[in-house]
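Chemist: Below you will find the structure I want to go over with you.
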Amino acid sequence: MIAAHEFVDRWARAWNAHDLEAVLAQFTDDAEFSSPVAAQLLPGSDGVVRGKEALRAYWAEGLRRIPDLHFEVLGHYEGVGILVINYRNQIGRLVNEVLLLDADGLATRGYGTYLGEAENPAGAR
C-alpha cells in the first residue's frame, strides 16, 4: 500500500490539473462516493454515486460546472484503512474528504463533507 502522503499528493495534483482519469485511477471500479454536491448535481441520486463510470460522469459534470476548481490541502489524517483529506476549495470553503481504502491503497468509498451549511458548498454554476 502506498503512503498516505503519496495518495494525497497525487489526489491534489490530479484535481488541480482537472485530470479526471488520474483522479479515477485512485478508486476501485465499484467505488461509491457520497456528497451533498452529488445530491445537487445529480437529481434523484440521494447524493450517492456508485461505480467508476458513474463517478466519471459525475466528476466530469462537476468540472464542467466548476471550471476554476482548485483544492489547497491543509492536512490529512490517517487511520486503519481510512484517509481524511482536509482542504480548502476554490471558494474558500473548508472540506474533508473521507476515503475508505482497500489493501492496495485504492479508495472503495468516499464521503465529501463540508463545514457548516450552504446551498452550494462547492460553488457549482
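Chemist: Between residue 78 and residue 114, what is the spin-label point distance in nm, taking each point 7 Å from the Cα along the Cα→C-beta axis?
Modeler: Here the modelled spin labels are 3.1 nm apart.
Chemist: With a sphere of radius 14 Å drawn around the Cβ of residue 81, what net charge do the other residues whose Cβ falls strictly inside it have (Lys, Arg +1; Asp, Glu -1)?
Modeler: Summing Lys and Arg as +1 and Asp and Glu as -1 gives -2.
Chemist: Using a simple charge model, +1 on the beta-carbon of Lys and Arg, -1 on the beta-carbon of Asp and Glu, nothing else, what dipole does the chain show about its Cα centre, in debye to the nearest 20? Provide the component values of the computation, followed by the final result.
Modeler: On the way: 11 positive and 18 negative charges, 72 e Å.
That gives the chain a dipole magnitude of about 340 debye.
Chemist: How large is ³J(HN,Hα) for each residue in the stretch 95-102, as worked out from phi by the Karplus curve 6.51 cos²θ - 1.76 cosθ + 1.60 (θ = phi - 60°), to whole Hz, x for Gly and Pro?
Modeler: Residue by residue, the stretch 95-102 yields 9, 10, 9, 9, 10, 8, 10, 8 Hz.
Chemist: Write down the Å³ per residue value for the convex hull defined by the alpha carbon atoms of the chain.
Modeler: On the way: hull volume 11.9 nm³, N = 125.
It is 95 Å³ per residue.
Chemist: Between residue 45 and residue 102, 0.36 nm times their residue separation minus their Cα-Cα distance comes to what? Write down the numbers at each step before the final one.
Modeler: Working: separation 57, 0.36 × 57 = 20.52 nm, distance 2.46 nm.
Gain in length upon complete extension: 18.1 nm.
Chemist: Continuing with the same structure: Please give the length that would be gained between residue 22 and residue 61 if that part of the chain were fully extended, namely 0.36 nm times their separation in residues minus their C-alpha to C-alpha distance (nm, one decimal). Let's see the in-between values first.
Modeler: Working: separation 39, 0.36 × 39 = 14.04 nm, distance 1.61 nm.
Stretched out fully, the residue 22 to residue 61 stretch lengthens by 12.4 nm.
Chemist: Would you compute, from DSSP H runs of 4+ residues alone, the mean residue ellipticity of the chain at 222 nm, taking -39500 (n - 2.57) per run and dividing by the full residue count, rounded to the nearest 500?
Modeler: Working: 4 runs with 38 residues, N = 125.
That comes out to -9000 deg cm²/dmol.
Chemist: Give the long-range amide H neighbours of residue 90: residues separated by 5 or more places, or on another chain, with amide H under 5 Å away, using H modelled in the peptide plane at 1.01 Å from N.
Modeler: Hits under the 5 Å cutoff: 70.
Chemist: Right, here's the next one. What ³J(HN,Hα) values, in whole Hz, does the Karplus curve 6.51 cos²θ - 1.76 cosθ + 1.60 give for the stretch 22-29 when θ = phi - 60°, with x put for Gly and Pro?
Modeler: So the Karplus estimates, Gly and Pro as x, are 5, 5, 4, 4, 8, 10, 6, 4 Hz.
Chemist: How large is the accessible surface of residue 30 in square angstrom, using a 1.4 angstrom probe and rounding to the nearest 10?
Modeler: Answer for residue 30: close to 120 Å² accessible.
Chemist: Tally Lys/Arg at +1 and Asp/Glu at -1 over every other residue whose Cβ is under 15 Å from the Cβ of residue 53; what's the total?
Modeler: Working: positive: 50, 52, 56; negative: 21, 29, 30, 32, 61.
In short, -2.
Chemist: If you don't mind, there's one more thing I want to ask. Within the chain, what percent of beta bridges assigned by DSSP are antiparallel, to the nearest 5? Before the final figure, lay out each step's value.
Modeler: On the way: 24 of 28 bridges.
So the antiparallel bridges amount to about 85 percent of the total.
The values are calculated or read from the model by the stated rules, or taken from the named source; none is laboratory data. Quick caveat, the model's predicted, so the values are computed rather than measured. As a convention, Cβ positions derive from the backbone with ideal geometry for all residues, glycine included, and neighbour counts pool all protein chains shown. Side chains are part of the model used for accessible areas, which takes the heavy atoms of the whole protein and leaves out ligands, DNA and RNA. Shrake-Rupley method; radii C 1.70, N 1.55, O 1.52, S 1.80 Å.
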